[in-house]
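The values are calculated or read from the model by the stated rules, or taken from the named source; none is laboratory data. Everything numeric here is computed off the predicted structure, so don't read it as measured data. Backbone-built Cβ (ideal geometry, glycine too); neighbour counts: all protein chains shown.
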Amino acid sequence: MRQRSTFVFTMMAFGYAFLYLPIFSVVLYSFNASRLVTVWGGFSTRWYGALFHNETILQATGRSLLVAAMAATLAVAIGTLAAVAFTRFQRLRARPLLSLMTSAPLVMPEVMLGLSALLLFVGLQQWIGWPAGRGLMTITIAHTTFCCAYVTVIVQSRLAQMDESLEEAALDLGARPWKVFFLVTLPVIFPALAAGWLLAFTLSLDDLVVASFVSGPSSTTLPMLIYSKVKFGVTPEINALATLIVLVVTSLIVAATLVMGRRNANPLR
Amino acid sequence: MAQPGRRQAPIEPWQQPGAQPFLRICNVTKTFGQTYAVDDVSAEVYQGEFFSLLGGSGCGKSTLLRILAGLETPDRGRIVLGGEDITDLPPYERPVNMMFQSYALFPHLNVAQNVAFGLHQERMARGEIADRVAAMLDLVQLKDYGRRKPDQLSGGQRQRVALARALAKQPKLLLLDEPLGALDRKLREQTQFELVGIQERIGITFITVTHDQEEAMTMSSRVAVMDAGRIVQVATPAQLYEFPANRFVAGFIGAVNLFDGRVSQQQGEDLVFHCEALGGDFLMYHGDPLPIGTPVTVAVRPEKVSVHDTRPTDRRNAVHGKVVEIAYLGDVSIYHVATDHGQVVRIQITHEARYSRPHYSWDDELWLSWDPDDGVVLTA
Amino acid sequence: MNGSGFNWLGFWNLVFSALVQRIGVLGRELRQRRGRLVVAGIPMLWLGLFFLLPFLIVARISLTTIDPNAQPPYSSIVTFTQGWQLELHFNLDNYRRLWQDGLYLSAYLNSLKTAAISTLLCLMIGFPMALGIARASTRWRLPLLTMVIVPFWTSFLIRIYAWIGLLKDQGPLNNLLLWLGVIDEPLHILYTNTAVYIGIVYSYLPFMVLPLTATLLKHDRSLLEAAFDLGCKPMRAFWRVTFPLALPGVIAGSLLVFIPAVGEFVIPDLLGGPDSLMIGRVLWTEFFQSRDWPLASAVAMAILLLIVIPTLLFEHLQARRGAQEARR
C-alpha cells in the first residue's frame, strides 16, 4: 500500500510540474529584461509597458473579447433551447438530427469547422449577397456554431439531473409553461448556463483555426496575432500578455472557489 | 396498528342515498406503450373526505393522481370535479394542487417565496399574499422559517412547507403523493395525525397516494386498494380489514391466513367448506348461498385464531398442529403452527402481563380454533 | 338528380362542418405545439444553416477543379450551355490524388499514430494523477482538481508557445540536462515528433484526468477494502478491481484526447518539424498556401468519412450500451 502511494504521489508531482512548467516559464520570462529567451537579462517590466503601447495587440484583444462575449451569449441561448428540446420533448421527431448536429462539432477537427464555415459564407455571398465580406460577424457565427455543442452538453446534463417534479409543481401552482421555464427551470439550471457561457467564452477566445478561415482583412483576433508573431520570431510582449491572462484567470477561479466554498461551508446563514 | 377512531360522529356521505359525489373519476384509462398504468378506473370521492389510493409500486396509483393533477392526460375517461369536467384542463388551470413526493420545493426561493409562488400566479395583491403566506406558515407551525432556503430545513420541515405551498391557493382538491414517504418512522407517525388535524380544520378534500397500509388506515376516511391499474376495493379502513373483498385485499392489508377449499354443504346462512390442507370440513358464516363445489378461500386473521392445549369441545372449527416458528415482538408473539395435513397457520398471542412467558415452544402440540364468523369467505 | 331525394344541403353541411372541425383541431394542435416548435426550431435552424449545410457545400466543392483565375478559385459544377441545357461536371480527380499521392495517406496514418501514442501517454500520466486526486482528502480534492483545470482556461496558443522556449536547443531544459551532466550535447527536441507528443499530451492531459477522476470518485472505497479482505494484494487489487471499474472513464478520457489530437493543426505546426505531417496541417497547407480549395475540400471529406463518422458511430454505440446497462 505504502509503495503505491509513493508512486502515485511521485506521478502527481510530475504531472502537476508538467502542467505548470510552461506557465511558470512564461511568467518568468515576461520579467526578463533581455529579448532573448536563453539569457536572463535581469528583472524588468519593460514588456508590460511595450504591451500597453502596442495598439495592434490591444485592438486584437478587444476584438477577441467582443467576439467571445457575443458568441458565448448566442451559444448559451441556442444551446439551452437545444438542451430543453432534448430533455423535455420526448417525442420530438427531429431528435436524431438535432442530436447529430449538437454532437458532431465536438468530434470535428477545427480545420474542418473552419473550412466548411468559410465555404458557406463564400457561397452565401455569391447567392444572396449576405454576408458581404468576412469579419467579426462571420467569426462570431462560426464560433457560436461550435460553442453551441458544448453548451448543449453541459445544460443537457444539468436538465437531466433536475428533479422534473419542480417544473410539474410550478405548473400545478398555476404557472404557464413559458413562465415555468423562466421562474423555475432557468434559475435552477443557472450554474450550468454560467459554466456553459464561460466554456464557450474561453473556446472562442482561444480559437485560432476557425477564426483564421472565416476572418476578413481587418478582423485579426488575438490568437491570430499571437500565431503570426510566434511564427515569425519571439516577441516578449506576448509573455507579458500571457502572464496577465494567467493572473486574471487564476484570480477569477480562486474568487469563484472561495465564494462557492463559503456558501457550502455555511448553510445556515 | 393505530386505530382509526378519530372521528366522534363519523361522516359517511357515501352511505347517504342522496349525497352527490364531489369528484367523479369515470372509466379512466392510461397506457404507457403496451402496459396499462390505469385500467378503466371509476371512483367517487365526497366533499371533505380524506381518500387514499393504496397499492404496491407500479399499481397505477401515482399515475391516477397525476391524471387528477393534469400532469398526465388519460387516453379515455373523464374527470369531473364539483360538476365541472376538468379532463382537458391543463394543470395550471385546475383548482387542484398537489404535494409532491420529493416535495419539489424550489431550491432558489426561500420558504415564504415558495408558499407565495402559486398566489403570484393568480396575480393576488401583495398585501393579501403576505397575509396568506403568514397564515399558511402558521398552520404548519413554521412561522419563523419564512426566510430559510429549502436546503436549510429538515425533512419534516420541508414536508410542511410543501403542504403549506399546496394549500396556499385554497384548492378544491389537494393531492398528496406519498406525503410521508421521505420521513423516518417516528416522525411519520406523528405527522400522520398532524395531517389529519389540518385536513379537518380546513375541510379541503384530500386524496393521498401511499404504499404504506398503516398510513392509509390511520389517516383515511376511505381507502381504494389498487392492483395492476385497477381499483379492487373501496371501503373504510375497518371494512377493508374485516371484510376484504378478495384475496388480494385480504393479503395486502395486515397479515392473514388463507385456506383454499370447496363448498361442501350449505346450511342456511352458513356453509361448510372442505379444505385438504387443513384436513377436514369447516363451518363458516356467509350471507349469500353458494352452490356446492364452488372453490372458495377462507381468510382468517391471526389474532382471531384461538389456541388450546387439548381439543376444544365447544368450538366448531378446530385443527391440531405443531409449533414450527416463534417470533417475539414485544406486544405480541407470532407463532407458525403446522397442521397435520401441511397447512401452516399464523397465529398471534397478545402479552397482557409483563411476566407472562410464552406458553408454547418449538414442536409443542396444540389445537387451533375459530368461530364461523371469525373469517371471511372469498370467492375471488 | 335532384329528384332522387339526396339532401345536397345536408351533405355540404356535413362536409363543411367536418372541415371546420378538422381545421379547428389542427389549429389547436398548432397552438399547443407552438412553444415546442420555437424551442426546437431555433437551434435546428441555426445548426442546419451554419453546420449541416456547409458540409454539403464542402462535398460539392470537393468535386470541382481548381481554377486560379476564378473568384472563388474553383470551377463550377453546373453550367448552362445554349442558355438552357444543364451540364454537370463532376471531377473525381481530387479524390484520386488523395489515394495515389502517398503524402495524404501517410499524413492520415501518421495522424492516427500520433493521436494513439499521445492518448496512451496521457493515460499513463493521467491515471495516477486521477487516482491521487480521488484518494485525496476532501479538503485537498477541490484545489487539486482546480489546478488541473486552470491551465485549460489560459490561452492554449501561449502555452504551446512556451514549450518552444523550453524545448529549444539552447533552452532551459537542455541547459539543465547539460548542467546535470546527463547529456553532453543539446538534444534536438523542438521541431521533431517528440515535441509534437509533448505538446499534445500537455494540452489534453486535463481531458484525461477529469473523466477518470469522476469515475474513480464514484467507487466505494469499501470495494477495494473487500478485495484486500478477501486476500487480494494491492497490485492485483488495482488490476482486478480499480482499473476495470474505471474503464468507462478510461474510454471517455481517451476519446476526449484522441479525437481532437487526430485533427490537430497548431501543435504539429508550431512544435513539429517538416516531417510531422498530420492531416489537419495538410488541409491547412492546401487551403492557405496552395489555395487549392477543391483539394482541401476533398481532404475534409476524407476526414469526415474516415475519422468523424466512425467516431460518431462509436460514441452512439457506447451511449446505447450505457443506456441498456442503466436500464438493467
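For a quick check of your reading: which helices (runs of 4 or more DSSP H) sit entirely within region B:147-265 and have at least 3 residues that are closer than 22 Å to B:Leu109 by Cα and basic (Lys, Arg)? Give the steps one after another, and end with the answer.
On the way: elements: B:155-168, B:185-202, B:213-219, B:237-242, B:247-252.
Answer list for region B:147-265: B:155-168.
One residue is enough: does region B:355-375 have a residue meeting the conditions exposed (fewer than 12 other Cβ atoms within 10 Å of the Cβ), assigned to a strand (DSSP E or B) and in the same structural domain as B:Arg262 (by TED's automatic domain parsing)?
Checked against the condition, which is being exposed (fewer than 12 other Cβ atoms within 10 Å of the Cβ), assigned to a strand (DSSP E or B) and in the same structural domain as B:Arg262 (by TED's automatic domain parsing), region B:355-375 yields no hits at all.
Determine if region C:272-282 includes at least one residue that is surrounded by 15 or more Cβ atoms within 10 Å (Cβ to Cβ), without any contact (Cβ under 8 Å) to a residue 40 or more places away in the chain and touching a helix residue (DSSP H, G or I) at 6+ places or on another chain (Cβ under 8 Å).
no
Test B:Arg123 against the criterion of being out of contact with any Phe, Trp or Tyr (no Cβ under 6 Å at 6 or more places or on another chain), more than 22 Å from B:Asp177 (Cα to Cα), within 14 Å of chain A (Cβ to nearest Cβ) and modelled with pLDDT under 95, and give yes or no.
yes
Suppose the filter is surrounded by 15 or more Cβ atoms within 10 Å (Cβ to Cβ) and closer than 29 Å to B:Tyr241 by Cα; does B:Phe117 pass it?
No.
Would you check if A:Tyr16 is facing chain C (nearest Cβ under 7 Å), within 27 Å of the chain's Cα centre (by Cα) and modelled with pLDDT of 85 or more?
So A:Tyr16 passes the test.
So A:Arg91 ticks every box in (1) of a type in the set (Lys, Arg); (2) away from every other protein chain (no Cβ under 11 Å); (3) without any contact (Cβ under 8 Å) to a residue 60 or more places away in the chain but one. Which box is left unticked?
Against the list (1) of a type in the set (Lys, Arg); (2) away from every other protein chain (no Cβ under 11 Å); (3) without any contact (Cβ under 8 Å) to a residue 60 or more places away in the chain, A:Arg91 comes up short only on (2).
Out of everything in region C:77-99 that is part of a loop (DSSP other than H, G, I, E, B) and surrounded by fewer than 16 Cβ atoms within 10 Å (Cβ to Cβ), what residue ends up being modelled with the highest pLDDT?
Filtering region C:77-99 for residues that are part of a loop (DSSP other than H, G, I, E, B) and surrounded by fewer than 16 Cβ atoms within 10 Å (Cβ to Cβ), the one modelled with the highest pLDDT comes out as C:Leu92.
If B:Arg160 satisfies all but one of (1) among the basic types (Lys, Arg); (2) surrounded by fewer than 23 Cβ atoms within 10 Å (Cβ to Cβ); (3) free of Cβ contacts under 8 Å to residues at least 40 places away in the same chain, what's the number of the condition it fails?
Among (1) among the basic types (Lys, Arg); (2) surrounded by fewer than 23 Cβ atoms within 10 Å (Cβ to Cβ); (3) free of Cβ contacts under 8 Å to residues at least 40 places away in the same chain, B:Arg160 violates only (2).
Inspect region C:243-252 for any residue being more than 19 Å from C:Ser111 (Cβ to Cβ), assigned to a loop (DSSP other than H, G, I, E, B) and either out of contact with any Ser or Thr (no Cβ under 9 Å at 6 or more places or on another chain) or within 9 Å of chain A (Cβ to nearest Cβ) (or both) and give the result as yes or no.
No, there is no match, as no residue in region C:243-252 is more than 19 Å from C:Ser111 (Cβ to Cβ), assigned to a loop (DSSP other than H, G, I, E, B) and either out of contact with any Ser or Thr (no Cβ under 9 Å at 6 or more places or on another chain) or within 9 Å of chain A (Cβ to nearest Cβ) (or both).
Would you mind finding the one in A:Val188, A:Val210 that is touching a His at 6+ places or on another chain (Cβ under 9 Å), of a type outside the set (Asp, Glu), in contact (Cβ under 8 Å) with a residue 24 or more places away in the chain and facing another protein chain (nearest Cβ under 9 Å)? Show your work before the answer.
Details: A:Val210 fails: facing another protein chain (nearest Cβ under 9 Å).
The conditions single out A:Val188.
Kindly indicate the residue of region C:107-145 that is in contact (Cβ under 8 Å) with a residue 24 or more places away in the chain, closer than 17 Å to C:Phe207 by Cβ and not hydrophobic (A, V, I, L, M, F, W, C) and also nearest to the other protein chains (Cβ to nearest Cβ) among those meeting that condition.
Residue satisfying both the conditions and the ranking: C:Gly126.
So, in region A:168-196, exactly how many residues are surrounded by fewer than 20 Cβ atoms within 10 Å (Cβ to Cβ) and over 22 Å from B:Gln113 (Cβ atoms)?
Count: 1.
Taking C:Trp293 as meeting all but one of (1) over 24 Å from A:Thr6 (Cβ atoms); (2) touching a residue at least 60 places away in the same chain (Cβ under 8 Å); (3) under 19 Å from the mean Cα position of the chain (by Cα), write down the number of the exception.
(3)
Just wondering, is there one or more residues in region B:52-67 that are within 19 Å of the chain's Cα centre (by Cα), over 22 Å from A:Glu168 (Cα atoms) and part of a strand (DSSP E or B)?
Checking region B:52-67: at least one residue is within 19 Å of the chain's Cα centre (by Cα), over 22 Å from A:Glu168 (Cα atoms) and part of a strand (DSSP E or B).
In the set C:Glu225, C:Glu264, which member is surrounded by 17 or more Cβ atoms within 10 Å (Cβ to Cβ), of a type in the set (D, E, K, R) and within 12 Å of another protein chain (Cβ to nearest Cβ)?
C:Glu264
Of all residues in region A:104-126 being more than 7 Å from every other protein chain (Cβ to nearest Cβ) and either among the hydroxyl-bearing types (Ser, Thr, Tyr) or within 19 Å of the chain's Cα centre (by Cα) (or both), which is surrounded by the fewest Cβ atoms within 10 Å (Cβ to Cβ)?
In this case the residue turns out to be A:Leu106.
List pairs: first residue in region A:155-178 and at the interface with chain B (Cβ under 7 Å from one of its Cβ atoms), second residue surrounded by 20 or more Cβ atoms within 10 Å (Cβ to Cβ) and in a loop (DSSP other than H, G, I, E, B) anywhere in the structure, Cβ distance under 6 angstrom, at least six positions apart or on different chains.
A:Ser165/B:Phe100; A:Ser165/B:Ala104; A:Leu166/B:Ala104; A:Glu168/B:Leu71; A:Ala169/B:Phe100; A:Ala169/B:Ala104
Within the set of pairs 6+ apart or on separate chains, which have a first residue in region A:246-259 that is within 15 Å of A:Ala194 (Cα to Cα) and at pLDDT below 80, a second that is surrounded by 10 or more Cβ atoms within 10 Å (Cβ to Cβ) and not polar (S, T, N, Q), and C-beta atoms under 9 Å apart?
A:Ile253/C:Ile149; A:Ile253/C:Val150; A:Ile253/C:Trp153; A:Thr257/C:Leu142; A:Thr257/C:Pro143
Residues C:Phe16, C:Phe11, C:Phe6: which one is outside any helix (DSSP H, G or I), modelled with pLDDT under 85 and more than 14 Å from every other protein chain (Cβ to nearest Cβ)?
After applying the criteria, what remains is C:Phe6.
A quick yes/no check of all residues on (1) facing another protein chain (nearest Cβ under 10 Å); (2) free of Cβ contacts under 8 Å to residues at least 40 places away in the same chain; (3) assigned to a loop (DSSP other than H, G, I, E, B):
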| site | (1), (2), (3) |
| --- | --- |
| B:Asn97 | yes, no, no |
| B:Tyr103 | yes, no, yes |
| B:Gly118 | yes, no, no |
| B:Gly127 | no, yes, no |
| B:Ala130 | no, yes, no |
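Determine if region A:223-231 includes at least one residue that is at pLDDT below 90, more than 14 Å from chain B (Cβ to nearest Cβ), farther than 23 Å from A:Val76 by Cα and not in a helix (DSSP H, G or I).
No, the conditions are met nowhere in region A:223-231.
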